[in-house]
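The values are calculated or read from the model by the stated rules, or taken from the named source; none is laboratory data. It should be emphasised that the depicted structure is a prediction, and the values quoted were computed from it without experimental measurement. Cβ atoms come from the backbone with ideal geometry, glycine included; neighbour counts cover every protein chain shown.
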Amino acid sequence: MAAYILRRLIATIPVMIVVALFVFFLLHLTPGDPAAVIAGDEATPADIEAVRRKLGLDRPIWEQFALYVWNLLRGDLGTSIFSNLPVLTLVKQRLEPSVVLAVSTLAVAVALAIPMGVLAAARARTAVDRIVMGFSVLGFAVPVFLVGYLLIYVFAIHLRWLPVQGYRPLSEGIVGTLRSIALPSLALGMTYMALIARITRASMLEVLSEDYIRTARAKGVSRPSILLRHALKNAAVPIVTVIGIGFALLISGVVITETVFNIPGLGRLTVDAILKRDYPIIQGLIILFAGAKVLVNLLVDISYTFFDPRIRQ
Amino acid sequence: MSITVRKSGARIAAILALAALTAMPALAETKTLKVTMHADVRTIDPFWTTQTIAGIHGMMVYDTLFSSDAELKPQPQMVDKWNVSEDRKVYTFTLRDGLKFHDGSPVTAKDVVASMNRWGKRDGAGKQLFNYTASLAAKDDKTFVWTLKEPYGLLIDTLAKTGTSVPFVMREKEAMVDPFKQIEDVVGSGPFMFKRDEWVPGSKTVYVKFKDYVPRKEPASGHAGGKVVKVDRVEFIWLSDPQTAQAALMAGEIDYLENPQPDFLPILEANPDIKLETHPAMGTMGILQLNHLHPPFNNVKARQAMLHIINPADFLNTIAADPKLQKLCYSYFGCGVAMETDAGSEPYKAPKDYKKAEALFKEAGYKGEPITILHATDHQYINPANLVMIQQLRKAGFLKLDVQAMDWGSVVARRAKKDPPANGGWNIFITGTTVLTSSSPITHTSIGMGCDKAWFGWPCDAKFEELRKAWAFAPDLDARKKIAVDISKRAYELVPYISFAQWRNPVAYRSDRISGVISVPSVPPMWNIEKK
């Protein structure tokens, strides 16, 4: 098992190198100029040129790339062109809200979607199944920002139960944090829930038609036991896979959700940096996101061995 | 068992109640103003960038020698008294008593001199002022002398400018930093102190009251008068989504919203707890910038032809549908300001005439070459303005358009390219400026026709620049107004750009929670505001 994990970890190194290369050159090929944004709308072309020189953006691309790689090797993600703060500091400031939002979304989605999918499979082709699948289609089709606005209108403006926006850090109390992320988690979790519920249903239906399930039924095993002990565990591999794939969905969803609910997380940091062409932040964040995605894939792969011991061989 | 649980529950409740009670006085004492500005404070050096948000941050933390009052007239702020020599070349200024930086050190004339020198290297109006400056020197700790080569008439007005690149006074230490490099420490002498440890760029910027600040005795008026701080803390909360910002104001999660989206104004207006505030000179002027370097707009006839196609009323109805916010303004300097004039605007005001426009384009040698338009699709008013312009140009029926959609970040990079449109350059892009900036021919960067030194589009006319200079040297307001008329006529003749009218952007605030909001055209001050 340890050798398997080590092999997988080593395999991530070339992935990260490709990501680093890709990010740098893609960004520098993208039109846009941070110097022009910094100098502002009233600045003359000469002012912009002077800012560009000061930032080192007039240096040859290979020189900028060499500096970028050298800094990366030293674990330095660079310094924001605009705020003059190290990218790592900015990431640390934003990490907690994003992690809390992602974890809570994942928890809400998994906790609700798996039972929904199991229920739909158990009551296949009944009204319950149709309601669950209807919700699933809706959850996947309605954009996150629209769900967000609707939730804000109902729960924050109309009922005044929850705040419209903002994030309360964990250090100020768990209740405040939960209140502040309740609506964003729900909005972001809708797509995720829809995806997991659908896959759970499909996977369960497949497993439920297997011979050993029929045997279990014939032996008189109770229905809940068949569903949860015998079927769900065997249906878990595709579900776990989709949870892992959904992580990328979660990252892109976080960007929108954090904007709508004003959560000061990594998603908003990314969007703001892209709009302003703050290269070091964009580069640093994409590398971090890529690293996180690789890590999640690794965890998913490891979890396969738990659900399906044949994979270990 | 249940008794034990109940007992511990009661104990916990008692502890929580006690904690709440002890926390209450502290909470009651701290008056925090929660504000959402039009942008986020991302840079802490107000000279390093001309972004207005940097000016707002600067106005919180730093003080100015002069300030503009509610009528946009300059008034002394850090300056106690000042005099000017008979030949209008030597200005002697004395700082008022009690001025202190946030680190406790006194503000001296040396700090002022260093700050003005740094600012003068970045700001357009500042550069102009320093072109006519013979020397600027500290005479003693509180006195400094500004000597001009010629009697440039705008020294005081320039020092009182608001909006972007305001001449703030920093400590000499920061003011000695290269103006193209960002300062590290924010230590001003203004009414608020910057809380660097609580700054989260892209999310929140916090300021606290500077207790040693000595306000002027006069009542607050515009940016002038006494800057009396009536709250303990101001939090700039950045809400990038306009819908969320509006909802946050309605729910009372913020007290003040600088730039509500025009679409939401009727909703805010209908709320009895929310007040909308405007200033006569408040607003934005649309700019349809033409590139003077390349065909067809390198020919004045093609630029004049555009006046017969572009209909500003359509732009207004799209950007700011509420008639109360619109101003069909034909003044290059904006309406509601001292220099307002529509001299020479007759062709623009006349009913649109596509045949005349076509004839003028032909005279300019236009043979159906594509006109490259840089269309920023991610901007609140620039995107709809582009759509209106494209529709109007298409309606004219004889122009071939090459519309290139991109984000605003790409437009600001692309517009700096002087290459022909086919090689990555451009013909037209749309932007805007504040009425405040355009109210003076000197601060109005985009009207300049200084050829290579001009703004993007690079208009070129020596006579126009002479007129701008004459305006700056005019001895009084009446003389300036007369020259402004000549400038306007020349501008309509040469069409450096096309202004597509003016619209107001009111600020919105919770009148049930705050009072004392000062009405200004731009860069809203946070002093004088009281939280109930």
Helices (runs of 4 or more DSSP H) within segment B:211-309 that include 1 or more residues small (Gly, Ala, Ser) and within 26 Å of B:VAL435 (Cα to Cα): B:242-250, B:300-307
Qualifying residue in segment B:459-467 (condition: out of contact with any His (no Cβ under 7 Å at 6 or more places or on another chain), assigned to a helix (DSSP H, G or I) and within 12 Å of chain A (Cβ to nearest Cβ)): no
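Taking the condition in contact with an Asp or Glu (Cβ under 7 Å, 6 or more places away or on another chain) and modelled with pLDDT under 95, does B:PRO475 pass?
no
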For B:MET116: the one exception among (1) closer than 17 Å to B:SER440 by Cβ; (2) crowded, with 21+ Cβ neighbours inside 10 Å: (1)
Pair list, Cβ < 8 Å and 6+ apart or interchain, from segment A:290-301 residues that are of a type in the set (D, E, K, R) to residues that are at pLDDT below 85 and assigned to a helix (DSSP H, G or I): A:LYS293/A:PHE247; A:LYS293/A:ALA248; A:LYS293/A:ILE251; A:ASP301/A:ARG8
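Between B:PRO351, B:PRO272, B:PRO262, B:PRO296, which is out of contact with any Ser or Thr (no Cβ under 9 Å at 6 or more places or on another chain) and surrounded by fewer than 18 Cβ atoms within 10 Å (Cβ to Cβ)?
B:PRO351
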In segment B:428-446, the residues that are part of a strand (DSSP E or B) and either more than 12 Å from chain A (Cβ to nearest Cβ) or hydrophobic (A, V, I, L, M, F, W, C) (or both): B:ILE428, B:PHE429, B:ILE430
Condition met for A:PRO115 (out of contact with any helix residue (DSSP H, G or I) (no Cβ under 6 Å at 6 or more places or on another chain), closer than 22 Å to A:VAL254 by Cβ and either away from chain B (no Cβ under 12 Å) or of a type outside the set (Phe, Trp, Tyr) (or both)): no
Lone qualifier among A:VAL118, A:VAL87, A:VAL110, A:VAL128 - being within 18 Å of the chain's Cα centre (by Cα) and β-branched (Val, Ile, Thr): A:VAL110
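Condition check ((1) under 30 Å from A:GLY166 (Cα atoms); (2) over 21 Å from the mean Cα position of the chain (by Cα); (3) touching a residue at least 40 places away in the same chain (Cβ under 8 Å)) across all residues:
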residue: B:GLU269; (1), (2), (3): yes, yes, no
residue: B:ILE274; (1), (2), (3): yes, yes, yes
residue: B:HIS292; (1), (2), (3): no, yes, yes
residue: B:PRO295; (1), (2), (3): no, yes, yes
residue: B:ALA313; (1), (2), (3): no, yes, yes
Single condition A:GLY134 does not satisfy, out of (1) of a type in the set (Gly, Ala, Ser); (2) crowded, with 20+ Cβ neighbours inside 10 Å; (3) modelled with pLDDT of 90 or more: (2)
Answer residue from segment A:272-312, given it is surrounded by fewer than 20 Cβ atoms within 10 Å (Cβ to Cβ) and acidic (Asp, Glu) and is nearest to A:ILE38 (Cα to Cα) among those: A:ASP301
Given (1) assigned to a helix (DSSP H, G or I); (2) in contact (Cβ under 8 Å) with a residue 12 or more places away in the chain; (3) more than 11 Å from every other protein chain (Cβ to nearest Cβ), number of the condition A:GLY134 does not satisfy: (2)
Checklist (1) touching a residue at least 40 places away in the same chain (Cβ under 8 Å); (2) farther than 30 Å from B:ASP69 by Cα applied to B:LYS349, failing item: (1)
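Residues are listed down the side, and each one gets a yes or a no for (1) assigned to a loop (DSSP other than H, G, I, E, B); (2) farther than 20 Å from B:GLN77 by Cα; (3) hydrophobic (A, V, I, L, M, F, W, C):
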| site | (1), (2), (3) |
| --- | --- |
| B:LYS121 | yes, yes, no |
| B:GLN128 | no, yes, no |
| B:ALA137 | no, no, yes |
| B:ASP141 | yes, no, no |
| B:GLU150 | yes, yes, no |
| B:GLY153 | yes, no, no |
| B:THR158 | no, no, no |
| B:LYS161 | yes, no, no |
Segment A:154-170 residues that are over 20 Å from B:THR36 (Cβ atoms) and more than 10 Å from chain B (Cβ to nearest Cβ), paired with ones that are in a loop (DSSP other than H, G, I, E, B) and at pLDDT 90 or above (beta carbon under 6 Å, 6 or more apart): A:PHE155/A:TRP161; A:PHE155/A:LEU162
Which listed residue, of B:ALA321, B:ALA343, is hydrophobic (A, V, I, L, M, F, W, C) and over 20 Å from B:TYR497 (Cβ atoms): B:ALA321
Residues satisfying the stated conditions in segment A:53-66, i.e. more than 25 Å from A:GLN93 (Cα to Cα) and not aromatic (Phe, Trp, Tyr): A:ARG53, A:LYS54, A:GLY56, A:LEU57, A:ASP58, A:ARG59, A:PRO60, A:ILE61, A:GLU63, A:GLN64, A:ALA66
Matching residues, segment A:1-37, being under 29 Å from A:ARG53 (Cα atoms) and either touching a Leu at 6+ places or on another chain (Cβ under 8 Å) or not in a helix (DSSP H, G or I) (or both): A:ALA20, A:THR30, A:PRO31, A:GLY32, A:ASP33, A:PRO34, A:ALA35
Cβ pairs under 7 Å, 6+ apart, first in segment A:78-91 and closer than 16 Å to B:THR43 by Cβ and within 12 Å of chain B (Cβ to nearest Cβ), second at pLDDT 90 or above and in a strand (DSSP E or B): A:THR79/A:PRO86
Filter pass, B:GLY450 being more than 23 Å from A:LEU275 (Cα to Cα) and either free of Cβ contacts under 8 Å to residues at least 60 places away in the same chain or more than 8 Å from every other protein chain (Cβ to nearest Cβ) (or both): yes
Residue satisfying all of: in segment B:197-210; within 14 Å of chain A (Cβ to nearest Cβ) and in a loop (DSSP other than H, G, I, E, B); surrounded by the fewest Cβ atoms within 10 Å (Cβ to Cβ) among these: B:TRP199
Test result for A:LEU88, at pLDDT below 90 and in contact with a Leu (Cβ under 6 Å, 6 or more places away or on another chain): no
First in segment B:92-121 and on the phi > 0 side of the Ramachandran plot, second anywhere and surrounded by fewer than 23 Cβ atoms within 10 Å (Cβ to Cβ), Cβ under 6 Å, 6 or more apart: B:GLY98/B:VAL214
Residues being within 7 Å of chain B (Cβ to nearest Cβ), at pLDDT below 90 and not in a helix (DSSP H, G or I) - total across segment A:263-280: 1
Filter result (buried (at least 19 other Cβ atoms within 10 Å of the Cβ) and either basic (Lys, Arg) or part of a loop (DSSP other than H, G, I, E, B) (or both)) within segment B:163-179: B:GLY163, B:THR164, B:SER165, B:VAL166, B:PRO167, B:MET170, B:ARG171, B:PRO179
Filtered residues of segment B:311-336 (kept if surrounded by fewer than 19 Cβ atoms within 10 Å (Cβ to Cβ), of a type in the set (A, V, I, L, M, F, W, C) and within 19 Å of B:PRO521 (Cα to Cα)): B:LEU328
Answer residue from segment A:96-131, given it is crowded, with 19+ Cβ neighbours inside 10 Å and hydroxyl-bearing (Ser, Thr, Tyr) and is farthest from A:ILE199 (Cα to Cα) among those: A:SER98
